[in-house]
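Participant: Have a look at this one before I ask anything.
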Amino acid sequence: MASSPFAPNIDTIITIERHILEQQSFHPEATGVLTSLLYDIALAGKMIASQMARAGLAQILGKTGGINIQGEQVMKLDKLADETMYMLNDHTGRLAVMASEEHEHIIPIPKEYHSGKYVLMFDPLDGSSNIDYNVGVGTIFAIYQRLGVEGEAGTIEDCLQPGSKLVAAGYIVYGASTMFVYSTGEGVHGFTLDPSIGEFLLSHENIQIPKIPTYYSCNQGYYTRWSEGVQKFTRYLQEMTNTTRSISMRYVGSLVVDFHRTLLAGGIFYYPADVSKPEGKLRLTYEANPLAFIVKQAGGYASNGHQDILEIKPHALHQRTALYIGNQELVREAEENIKRYG
Ligand code: AHG
Ligand code: MN
Ligand code: MN
């Protein structure tokens, strides 16, 4: 197709829908439901991104008792993002059940809607402690096939499947630009939101984590609470010089942002268990699992310090886990140090 000098060649404009449809050719049994579900999530991401920008203003205005976002009391951003994810997915007939960091129990699909074939679990706003300081935040999602018979209501069991059963996962990162990164098991692909047309366009096809690590990422403020093995591993990183340069440290405090940088630049992110958090802080089902699925598709690996995150059978919706994620050899080195020194 001829491209006009004033617009990119239409052929190079790959939207999420076109990309997933092209990928679907790998799955002849695919019915397009997953494509539509990913599209719903991308739309939620666009809405959260725009609300977030305004929320900052409303918050300032809110202090003078001024206007607010929804014509009601300004909701906390976690809640706002959670409401947005729910509103875009409860009626579509694509899901049997949902689960969110912001809800203690599973979120049933209202009876008036068809109970579909997928399960959607999400952290609607990750890194929210940073939002007031305009630091990047994100949304993380995990998609399973439901267990049991389609048409019946989903159950907690649908939401306690190991990460190895994921059919798709990804995240939206609200940073300098808004990006949608996902995988359906056919590689990891990144899309950047073009605000002028309100579409996510393919910008990073087939992301592979770089072999040479660039950064390590952990909250060194907790160093004294870590086990000897984790302290030794951290010193190993600090003394490590790879072929080109010594590895440096970056830590934003938003998992999605710290993970996204690790995926693109190479290295490792870790949030160890410690004396005050013996189970770790991050959640297995809607933080560790989806990112472990992504990093594996990109040639990396994720562990709780002892085993592959994706092999852990969850026993509770909000179960916490330690997380070491990024370059295979660095994560394995962490496991080695923990095995040897505790
Ligand atoms: P959330 O905002 O969804 O509760 O997640 C916050 C998490 C994660 O984003 C980040 O890696 C971690 O909290 C940071 O914790 P510390 O402030 O203890 O380093
Ligand atoms: Mn989170
Ligand atoms: Mn959250």
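Participant: For the stretch 119-127, take each phi angle, set θ = phi - 60°, evaluate the Karplus expression 6.51 cos²θ - 1.76 cosθ + 1.60, and give the result in whole Hz per residue in order, putting x for glycine and proline.
Facilitator: With coefficients 6.51, -1.76 and 1.60, one gets 10, 10, 10, 8, 9, x, 9, 9, x Hz.
Participant: Pairs of alpha-carbon atoms within less than 8 angstrom and 6+ residues apart define the contacts here; what relative contact order does the chain have, in percent?
Facilitator: Relative contact order, the chain: 15 percent.
Participant: Now for a different question. Build a GNM of the chain with springs between Cα atoms under 10 Å: which of Thr31, Thr192, Thr15 gets the top mean-square fluctuation?
Facilitator: Thr31
Participant: Moving to a separate point now. Using a cut-off of 11 Å between beta-carbons, work out the net charge of the residues near Phe259 (Lys and Arg +1, Asp and Glu -1, Phe259 not included).
Facilitator: Working: positive: Arg261; negative: Asp126, Asp258, Glu287.
That works out to -2.
Participant: Over 26 Å, how big is the tail of the calculated P(r) for the chain, in percent of all Cα pairs?
Facilitator: Details: 29108 of 58311 pairs.
When every Cα pair of the chain is considered, 50 percent fall beyond 26 Å.
Participant: To continue, here is another question. Treating only the Cβ atoms of Lys and Arg (+1) and Asp and Glu (-1) as charged, compute the dipole magnitude of the stretch 153-240 about its Cα centre; round to the nearest 20 debye.
Facilitator: 480 debye
Participant: Quick one: how many Å² of Tyr341 are accessible to a 1.4 Å probe, rounded to 10?
Facilitator: Accessible area of Tyr341: about 80 Å².
Participant: Can you tell which of Tyr324, Val188, Asn89 lies farthest toward the positive end of the dipole of the chain, using +1 and -1 charges on the Cβ of basic and acidic side chains (Lys, Arg; Asp, Glu)?
Facilitator: Most positive-ward Cα: Tyr324.
Participant: If we sort 292-302, 16-26 on the protection proxy, mean other Cβ atoms within 10 Å, highest first, what's the order?
Facilitator: Per-residue Cβ counts within 10 Å, averaged per peptide and sorted highest first, yield 292-302, 16-26.
Participant: Could you please report the charge total around Ser276, scoring K, R as +1 and D, E as -1 over all other residues with beta-carbon less than 14 angstrom from its beta-carbon?
Facilitator: Cβ neighbours under 14 Å give a net charge of +2.
Participant: Would you mind counting up the charge near Tyr222? Only other residues with Cβ under 11 Å from its Cβ, with Lys and Arg at +1 and Asp and Glu at -1.
Facilitator: +2
Participant: FRET efficiency for Ser246 and Glu329, Cβ-Cβ distance as r, R0 = 25 Å, nearest 0.05?
Facilitator: Working: r = 16 Å, r/R0 = 0.66.
In this case the efficiency is close to 0.95.
Participant: Sorted by average packing, counted as other Cβ atoms within 10 angstrom per residue and highest first, what order do 38-45, 316-323 take?
Facilitator: Highest to lowest by the protection proxy: 38-45, 316-323.
Participant: Turning to a different aspect of this structure: If the reach is capped at under 17 angstrom between alpha carbons, list the lysines near Lys339, excluding any in the same chain fewer than eight residues apart.
Facilitator: Within reach: Lys232.
Participant: Treating the beta-carbon of each Lys and Arg as +1 and of each Asp and Glu as -1, no other charges, what is the dipole magnitude of the stretch 215-341 about its Cα centre, to the nearest 20 debye?
Facilitator: Details: 15 positive and 12 negative charges, 40 e Å.
Roughly 200 debye, rounded to the nearest 20.
Participant: Please get the size of the charge dipole for the chain, origin at its Cα centre, with Cβ charges of +1 on Lys and Arg and -1 on Asp and Glu, quoted in debye to the nearest 20. List each step's numbers first, then the result.
Facilitator: Values: 27 positive and 37 negative charges, 189 e Å.
Its charge dipole is roughly 900 debye.
Participant: Note the full-extension length gain between Gln307 and Glu17 as 0.36 nm times their separation in residues minus their Cα-Cα distance, in nm to one decimal.
Facilitator: Answer, rounded to one decimal: 100.9 nm.
Participant: Calculate one ³J(HN,Hα) per residue across the stretch 90-107 by plugging θ = phi - 60° into the Karplus curve 6.51 cos²θ - 1.76 cosθ + 1.60, and present them in order as whole Hz with x for glycine and proline.
Facilitator: Each residue of the stretch 90-107 in turn: 6, 10, 7, x, 9, 10, 9, 5, 10, 8, 9, 4, 8, 10, 4, 10, 5, 9 Hz.
Participant: If Rh is defined by the Kirkwood formula over all Cα pairs and Rg also comes from Cα, what ratio Rg/Rh do you get for the stretch 211-310?
Facilitator: Dividing the radius of gyration by the Kirkwood radius yields 0.94.
Participant: Kindly identify the stretch 142-235 as rounded, prolate or oblate by the Cα gyration tensor criterion: order the square roots of the eigenvalues as a ≥ b ≥ c, call it rounded if a/c is under 1.5, otherwise compare a/b with b/c, prolate if a/b is larger, else oblate.
Facilitator: Oblate, since a/c reaches 1.5 and b/c is not below a/b.
Participant: From the helices alone, meaning DSSP H stretches of at least four residues, give me the mean residue ellipticity at 222 nm for the chain, per-run term -39500 (n - 2.57), in deg cm²/dmol to the nearest 500.
Facilitator: Using -39500 (n - 2.57) per qualifying helix, the result is -9500 deg cm²/dmol.
The values are calculated or read from the model by the stated rules, or taken from the named source; none is laboratory data. Keep in mind the model is a prediction, meaning the values are calculated, not measured. Counting neighbours? That spans all protein chains shown, and the Cβs are built from the backbone with ideal geometry, glycine included. The accessibility values were calculated without ligands, DNA or RNA, using every heavy atom of the protein model including side chains. Shrake-Rupley method; radii C 1.70, N 1.55, O 1.52, S 1.80 Å.
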